[in-house]
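S.K.: Next up is a structure, given as structure tokens.
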Amino acid sequence: MGKAPKEPKEPKEKKTRTAKEPATRDCTIHLHKHMQKVAFKKRAPRAVRVVRQFATKAMMTKDVRIDTKLNKFLWSNGVRNVPRRVRVRLSRKRSEDEDAKDAMFTLVQHVPVESFKNLQTETVQDE
């Protein structure tokens, strides 16, 4: 006596994570580990891209907007010498634009800190 044939399973629907609520978090991004074996002239542009990828993954939005002060900080030592770490505030907000593709966007701002020792990711309470 053989086994009864298995019933074909229904394919599971893929669960895609989407941003639901506005939220704000302070995070530290370790840029140095992403700068390994990157040509000098591509380091600062790569750092900006790493920040954008980090924000997309953390806040689950495709639309990421980088503040000018953060961009200036990333480029402050020139194209070659990118800061090793950066503390950022990730703010997920609703799009005001009616014809926007996504309902939410992430604003990434620089948070100046004295030291990166013992810093954790923190949720910031909005006023």
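S.K.: Return the residues of segment 52-71 that are closer than 18 Å to V113 by Cα, out of contact with any strand residue (DSSP E or B) (no Cβ under 6 Å at 6 or more places or on another chain) and touching a residue at least 12 places away in the same chain (Cβ under 8 Å); say none if nothing qualifies. Show your work before the answer.
M.R.: Step one: list which residues in segment 52-71 are closer than 18 Å to V113 by Cα, which gives 67-71.
Those left that are additionally out of contact with any strand residue (DSSP E or B) (no Cβ under 6 Å at 6 or more places or on another chain): 68, 71.
Within segment 52-71, N71 is the sole residue that qualifies.
S.K.: Tell me whether segment 81-88 contains one or more residues that are of a type outside the set (D, E, K, R) and either modelled with pLDDT under 95 or assigned to a helix (DSSP H, G or I) (or both).
M.R.: no
S.K.: With the requirement that a residue be surrounded by fewer than 17 Cβ atoms within 10 Å (Cβ to Cβ), at pLDDT 95 or above and over 30 Å from Q125 (Cβ atoms), what does segment 12-45 give you?
M.R.: H32, K33, Q36, K37, V38, A39, F40, K41, K42, P45
The values are calculated or read from the model by the stated rules, or taken from the named source; none is laboratory data. Quick caveat: nothing in here was measured; it's all calculated off a predicted structure. Glycine also receives a Cβ, built like all others from the backbone with ideal geometry; neighbour counts cover every protein chain displayed.
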